[in-house]
Amino acid sequence: MPDPSPIVVDVPPRFRVVTAPWSDAVDARTIVLTESRAFGDGRHETTRMCLQALAVFAPRRQFRLFDVGSGSGILSIGAAKLGATTFGVEIDDEANAVARENARLSDVEARTTFTTSWPEGTFEFVVANILRGILLDLATEIVDRMAPGGTLVLSGLVSTDVPAIIARYSPLLRGRRPEVFERDAWRALVWRPSRDS
Ligand SMILES: C[S@@+](CC[C@H](N)C(=O)[O-])C[C@H]1O[C@@H](n2cnc3c(N)ncnc32)[C@H](O)[C@@H]1O
């Protein structure tokens, strides 16, 4: 049997997500994923908005990324393609094994970590694509991992989730309000550094 045709998902402006086996070049925009049950194959709007936020808002220099609920590793791998050193935390250790393999296939293994334990330290870019209830519960832990002047992206939300998420996070972020991005029913919130941070 020949290998099944790979699925190729373009996520403009910066990424394409392809399925293994992938025989073409693994270049600076290509995220290679194995078939798995881990969430994050580039087709869901919540993931796509995070990848697009990374492409547009990530620092144009070396940076550290914290990826909460890393699933297939897709967001960490995308950030590593932009030059980041990444740390993914994920409660499902099977997903972490998948994410490590995806990072290897995508040629960014050396710059990515996937574990079930929360890291020490702070990060210039923090992304969490999880459900509203979990984002509400983890607010303090997430904001504590942000470096001064860092960017926070929260996704996995629908419009009715937005007021509660802003009410929980904005006071922890010196009252700053996020930009709200929407795609179909989905919303992503982005807190970017203010000019005085
Ligand atoms: C919607 S998926 C996002 C996967 C990937 N980051 C993406 O953007 O496509 C959310 C992930 O968060 C994980 N998760 C749920 N609760 C968590 C928690 N308390 N801590 C860490 N990960 C969690 C789930 O197992 C799942 O893999």
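The values are calculated or read from the model by the stated rules, or taken from the named source; none is laboratory data. Everything numeric in this text was worked out from a predicted model, so none of it was measured. No Cβ is skipped: glycine too gets one built from the backbone with ideal geometry, and neighbour counts run over all protein chains shown. In case anyone asks, the SASA skips ligands and DNA or RNA and just uses the protein heavy atoms, side chains included. Shrake-Rupley method; radii C 1.70, N 1.55, O 1.52, S 1.80 Å.
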Find which of 79, 57, 69 sits farthest along the positive direction of the dipole of the chain, computed with +1 on the beta-carbon of Lys and Arg, -1 on that of Asp and Glu, about the Cα centre.
57
Heads up, I need the accessible area for residue 179: 1.4 angstrom probe, whole protein in place, Å², nearest 10.
70
Sorted by packing (mean other beta-carbon atoms within 10 Å per residue), highest first, where do 14-24, 145-155 land?
145-155, 14-24
The summed charge of the residue 135 Cβ neighbourhood (under 10 Å; Lys/Arg +1, Asp/Glu -1) stands at 0
Contact order normalised by residue count of region 8-191, Cα under 8 Å, 6+ apart, percent:
19
If we count every other residue with Cβ under 15 angstrom of residue 51's Cβ, Lys/Arg +1 and Asp/Glu -1, where does the sum land?
+3
Once the whole set of protein chains is in place, how much accessible area is left on residue 100, using a 1.4 Å probe, in Å² to the nearest 10?
110
For the chain, calculated [θ]222 nm from helices alone, where every DSSP H run of n ≥ 4 adds -39500 (n - 2.57):
-7500 deg cm²/dmol
If you stretched the chain out fully between residue 35 and residue 185, how much longer would it get, using 0.36 nm times the residue separation minus the C-alpha to C-alpha distance?
51.4 nm
The set of residues whose placed amide H lies less than 5 Å from the amide H of residue 130, leaving out same-chain residues fewer than 5 positions away, is 155
How high is the relative contact order of region 57-127? Use alpha-carbon pairs under 8 Å, at least six apart in sequence, and give a whole percent.
39
Bridge type composition, region 8-191 - antiparallel percent by DSSP, nearest 5
40
In a shell of Cβ-Cβ distance under 14 Å around residue 158, excluding residue 158 itself, what net charge do Lys and Arg (+1) and Asp and Glu (-1) give?
-1
DSSP bridge pairs, region 1-73: antiparallel proportion in percent, nearest 5
50
Carbon and sulfur: what percent of region 24-65's accessible surface (1.4 Å probe)?
50
Is region 8-191 rounded, prolate or oblate when judged by the Cα gyration tensor, a ≥ b ≥ c being the square roots of its eigenvalues, rounded requiring a/c under 1.5 and prolate requiring a/b larger than b/c?
prolate
What accessible area per residue, rounded to a whole number of Å², is obtained for the chain using a probe radius of 1.4 Å?
49
